[in-house]
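Data block below; observations after.
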């Protein structure tokens with residue numbers, strides 16, 4: 001058999017939060033409270049039938065009701081503190097010195113110097129790569145030329161040798 005519902009109330013800012021629940025523990029859970037608000041007198045059971053009507057219509061749901069009108073709530077806050085005529089609020093803000101940019105400026109300068117150094121190093125590397133490419137091209141060109149010259153000499157000396165060999169074989173000297 002289900003337990004009978006009771007209505008509980010706690011204050012939340014300018015509102016009262018009502019909940020229909022079977023126990024105080026269930027009400028605390030509905031409010032999302034981890035502390036016992038009942039023990040400190042911050043929550044109570046409601047017995048007024050007019051106040052119980054809306055929560056009982058939605059068991060387990062927190063129903064918020066405003067505590068008075070906006071005018072009454074503002075009056076409960078009391079008067080706002082006024083700035084003294086000798087020191088208005090705006091001047092109080094100006095009393096604090098403006099934050100220094102020196103650390104930011106130094107960091108930006110260091111970054112710019114590093115970027116310039118890195119760019120120069122990269123350009124130097126590109127120059128070295130171009131020089132190596134030219135050196136490779138010259139080496140390849142020289143290799144092709146030298147090989148052609150040496151191959152030509154091998155061919156020429158081969159022809160001479162074969163001619164002399166043919167003469168030698170033709171003379172009958174063994």
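Numerical summary
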read-out: Distribution of pairwise C-alpha distances over the range 119-174, 10 Å bins, in %; value: 20, 21, 17, 14, 11, 9, 5, 2
read-out: Rg in Å to one decimal, and Dmax rounded to a whole Å, for the chain via C-alpha atoms; value: 49.7, 146
read-out: Gaussian network model of the chain, Cα within-10 Å springs - most flexible of 137, 45, 82; value: 137
read-out: Residue 115/residue 141 FRET efficiency (R0 41 Å; Cβ-Cβ; nearest 0.05); value: 0.55
read-out: Net length gained if the chain between residue 51 and residue 131 were fully extended (0.36 nm per residue, minus Cα distance); value: 19.6 nm
read-out: Principal-axis tilt of helix 102-170 within the chain, Cα atoms, nearest 10 degrees; value: 30
read-out: Of 157, 44, 72, the one that fluctuates the most in a GNM where the chain has Cα springs shorter than 10 Å; value: 157
read-out: Computed [θ] at 222 nm, deg cm²/dmol, the chain (DSSP H ≥ 4; -39,500 (n - 2.57); rounded to nearest 500); value: -20000 deg cm²/dmol
read-out: 38, 8 arranged by Cβ crowding within 10 Å, fewest neighbours leading; value: 38, 8
read-out: The range 6-68 - Kirkwood radius from inverse mean 1/r over Cα pairs (Å); value: 11.4
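We did not get these values from a lab; they are worked out from the coordinates using the rules stated. Everything numeric in this text was worked out from a predicted model, so none of it was measured. Positions of Cβ are generated from backbone atoms using ideal geometry, with glycine treated the same way; all protein chains shown enter the neighbour counts.
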